[in-house]
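Undergrad: For reference, the structure I am asking about is given below.
The values are calculated or read from the model by the stated rules, or taken from the named source; none is laboratory data. As the structure is a prediction and not an experimental result, all values here were calculated from the model. Virtual Cβ from ideal backbone geometry, glycine too; neighbours counted across all protein chains shown. Just so you know, the surface numbers come from the protein's heavy atoms only, side chains and all, with ligands and any DNA or RNA stripped out. Shrake-Rupley method; radii C 1.70, N 1.55, O 1.52, S 1.80 Å.
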Amino acid sequence: MKRHYFGTDGVRGLYGGPVINEDFAARLGYAAGRWSGGAGIAVIGHDTRQSGGSLAKAVARGLAAAGLQPVSLGMVPTPVVSRAVRLQDTALGVVITASHNPATDNGIKFFGPAGIKLADEEELAVEGQLPPAAPANAAPALSVVDELDGYIATTSRLLPPAALHGWRIALDTANGATSVTSPVVLRALGAEILALGNAPDGCNINDGVGSEHPEKLTAAVRKGGARLGIAHDGDGDRCILCDESGGVLDGDEILTILALHALRQGRLAAQTLVVSALSNLGVDAALAAAGGRVCRTAVGDRYVIKRMRAEGATLGGEASGHIICSEIAPTGDGLVAALKVIEVMLATGRPLSELRRGLTKFPQLTRNFKVREKKPLETLPALSGAIAALERELGAQGRVLVRYSGTEAKLRLLVEGPTATVVQAGLTRLETAARTELEVL
């Protein structure tokens, strides 16, 4: 049975639209409360979007109607909510965020009792509890609990005191939730911060800044002579980096740096790195050459975490910058990821521009475009035929991935192969086929 509302990472959409509104938020809160057992505490956090507070109150109303005691964490990064669920032994965690999407969007995602995002079957069960109308109870008076101080203190201890004394770091917090955590931690460790995207006003989250828009970060690194640059997304569960020359490192490069260093130290659990289907095949080659292995999952950090637990692995993530270091937290944490890479820089004495050479990427191209309707791919004979033909031609020297976004009305194409020419030609064939069968906006 297919989920109707939940996508790759929670429920997401335009605020004020048919799904992301206060009425549906209250219904979803009630459904999640019923699913969780109807008793205990539920913690709620939100990012800097103007709509976050109102949606959080609506979710709280639904949770209270289902028998839970909702507690507000205020404006916090997503990893803080996961941590609060784990440490406070709560029944449920809720984050009001649309991650890297613009301020006009918002979303709702849940963490179960272990601080882990709900699995597909659990989200389906939540949908099965949705009432036909929002509960009629009044909004509860929300008590506010401060979890920021504990998160900041714990994260600061990942490196020795004053470890970053003399370091200049460009930091882009996307006008989002990490504006109250990452600069505090880095400064506490002695770093000088060149701040970008650090003035949230409710309407500017991810607006030309953050992990989806690294151009300003690279410019700041070059102009300011920074040792590295760090960029988060709006809710702080992603991280991309920039080396001292201004070159951008994506999640694949971050994961490879961490995995290769751990392998050399004999500390990569199960000698395994878990990545999603979007990661470059060069990651597999780099790990294999060093005596490790790569396991792949469906797209979405929830699937990465699930596979990590099954394999006994403690490191995994996605090319997008979701990095999970499960010995620290069972969810993506952009600040933790950055600190773990800095730890490698300190241990080896090597800059990022050298560390990133451990990964030689296969030529890869992607194309994303908005579509009017997400028609099932199996009902599109031209596109299906183009995919099958290209897969046969590439064989073991490449791969093809065609999928719809789990959070937006977009078709995503990816082709990877032995040469840039082959990849470009393959991508053009897929796009041509897709445009004959889908209404592209």
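Undergrad: Output the number of the condition that residue 280 fails; it satisfies all remaining conditions of (1) closer than 20 Å to residue 353 by Cα; (2) open to solvent by 10 Å² or more (accessible area, probe 1.4 Å).
TA: (2)
Undergrad: Something else now. Select from segment 153-172 the residues that are surrounded by fewer than 18 Cβ atoms within 10 Å (Cβ to Cβ) and among the β-branched types (Val, Ile, Thr) and list them in ascending order.
TA: Scanning segment 153-172 gives a single hit, 154.
Undergrad: Further question: Only one residue in 206, 175, 198 is at pLDDT 95 or above, open to solvent by 60 Å² or more (accessible area, probe 1.4 Å) and closer than 19 Å to residue 79 by Cα. Which one?
TA: 198
Undergrad: Tally time: how many residues in segment 410-441 are among the hydrophobic types (A, V, I, L, M, F, W, C), open to solvent by less than 50 Å² (accessible area, probe 1.4 Å) and closer than 12 Å to residue 371 by Cβ?
TA: Result for segment 410-441: 5.
Undergrad: Just to check your reading of the model, which residue among 162, 134, 141 is of a type outside the set (Ser, Thr, Tyr), without any contact (Cβ under 8 Å) to a residue 60 or more places away in the chain and over 19 Å from residue 340 (Cα atoms)?
TA: Selected residue: 141, the only one of 162, 134, 141 that is of a type outside the set (Ser, Thr, Tyr), without any contact (Cβ under 8 Å) to a residue 60 or more places away in the chain and over 19 Å from residue 340 (Cα atoms).
Undergrad: Which one of 367, 435, 429, 392 is of a type in the set (Lys, Arg) and either under 30 Å from residue 191 (Cα atoms) or assigned to a strand (DSSP E or B) (or both)?
TA: Unique residue meeting the criteria: 367.
Undergrad: In the list 292, 316, 236, 321, which residue meets the criterion of being in contact (Cβ under 8 Å) with a residue 12 or more places away in the chain and over 18 Å from the mean Cα position of the chain (by Cα)?
TA: 292
One line per residue, one yes/no per condition, for (1) crowded, with 19+ Cβ neighbours inside 10 Å; (2) among the basic types (Lys, Arg); (3) under 27 Å from residue 184 (Cα atoms):
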position	(1), (2), (3)
3	no, yes, no
11	yes, no, no
16	no, no, no
35	yes, no, no
43	yes, no, yes
46	yes, no, yes
91	yes, no, no
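Undergrad: If you don't mind, another one. Checking residue 86 against (1) touching a Lys or Arg at 6+ places or on another chain (Cβ under 9 Å); (2) open to solvent by 20 Å² or more (accessible area, probe 1.4 Å), only one condition comes out false. Which one?
TA: If we test residue 86 against (1) touching a Lys or Arg at 6+ places or on another chain (Cβ under 9 Å); (2) open to solvent by 20 Å² or more (accessible area, probe 1.4 Å), just (1) comes out false.
Undergrad: Next question. Read through the list (1) open to solvent by 50 Å² or more (accessible area, probe 1.4 Å); (2) farther than 30 Å from residue 23 by Cβ; (3) at pLDDT 95 or above; (4) touching a Lys or Arg at 6+ places or on another chain (Cβ under 8 Å), then give the number of the only condition that residue 114 fails.
TA: Against the list (1) open to solvent by 50 Å² or more (accessible area, probe 1.4 Å); (2) farther than 30 Å from residue 23 by Cβ; (3) at pLDDT 95 or above; (4) touching a Lys or Arg at 6+ places or on another chain (Cβ under 8 Å), residue 114 comes up short only on (3).
Undergrad: Is it fair to say residue 406 is out of contact with any Leu (no Cβ under 8 Å at 6 or more places or on another chain), at pLDDT below 95 and over 30 Å from residue 290 (Cβ atoms)?
TA: yes
Undergrad: Does residue 190 qualify as being buried (at least 20 other Cβ atoms within 10 Å of the Cβ), small (Gly, Ala, Ser) and more than 17 Å from the chain's Cα centre (by Cα)?
TA: no
Undergrad: Does residue 402 fit the bill of being without any contact (Cβ under 8 Å) to a residue 60 or more places away in the chain and either farther than 24 Å from residue 297 by Cα or open to solvent by less than 40 Å² (accessible area, probe 1.4 Å) (or both)?
TA: Yes: the conditions hold for residue 402.
Undergrad: Of the residues 378, 354, which is in a helix (DSSP H, G or I), open to solvent by 70 Å² or more (accessible area, probe 1.4 Å) and free of Cβ contacts under 8 Å to residues at least 12 places away in the same chain?
TA: Among 378, 354, only 378 is in a helix (DSSP H, G or I), open to solvent by 70 Å² or more (accessible area, probe 1.4 Å) and free of Cβ contacts under 8 Å to residues at least 12 places away in the same chain.
Undergrad: I would also like to ask the following. Where residues in segment 178-187 are more than 14 Å from residue 200 (Cβ to Cβ) and of a type in the set (A, V, I, L, M), which of them is most open to solvent (accessible area, probe 1.4 Å)?
TA: Filtering segment 178-187 for residues that are more than 14 Å from residue 200 (Cβ to Cβ) and of a type in the set (A, V, I, L, M), the one most open to solvent (accessible area, probe 1.4 Å) comes out as 184.
Undergrad: Test of understanding: among 399, 403, 412, which residue is in contact with a strand residue (DSSP E or B) (Cβ under 6 Å, 6 or more places away or on another chain) and farther than 28 Å from residue 234 by Cβ?
TA: 399
Undergrad: Can I ask one more? Scan segment 334-345 and tell me whether some residue there is surrounded by 14 or more Cβ atoms within 10 Å (Cβ to Cβ) and not in a helix (DSSP H, G or I).
TA: No, because not a single residue in segment 334-345 is surrounded by 14 or more Cβ atoms within 10 Å (Cβ to Cβ) and not in a helix (DSSP H, G or I).
Undergrad: Kindly indicate the residue of segment 176-193 that is polar (S, T, N, Q) and in contact with a Leu (Cβ under 9 Å, 6 or more places away or on another chain) and also farthest from residue 346 (Cα to Cα) among those meeting that condition.
TA: 178
Undergrad: Check 310, 298, 289, 270 and return the single one that is surrounded by fewer than 18 Cβ atoms within 10 Å (Cβ to Cβ) and at pLDDT below 95.
TA: 298
Undergrad: Based on what the data block shows, is residue 369 open to solvent by 40 Å² or more (accessible area, probe 1.4 Å) and either hydrophobic (A, V, I, L, M, F, W, C) or more than 26 Å from the chain's Cα centre (by Cα) (or both)?
TA: Taking the combined requirement at face value, the residue does not satisfy it.
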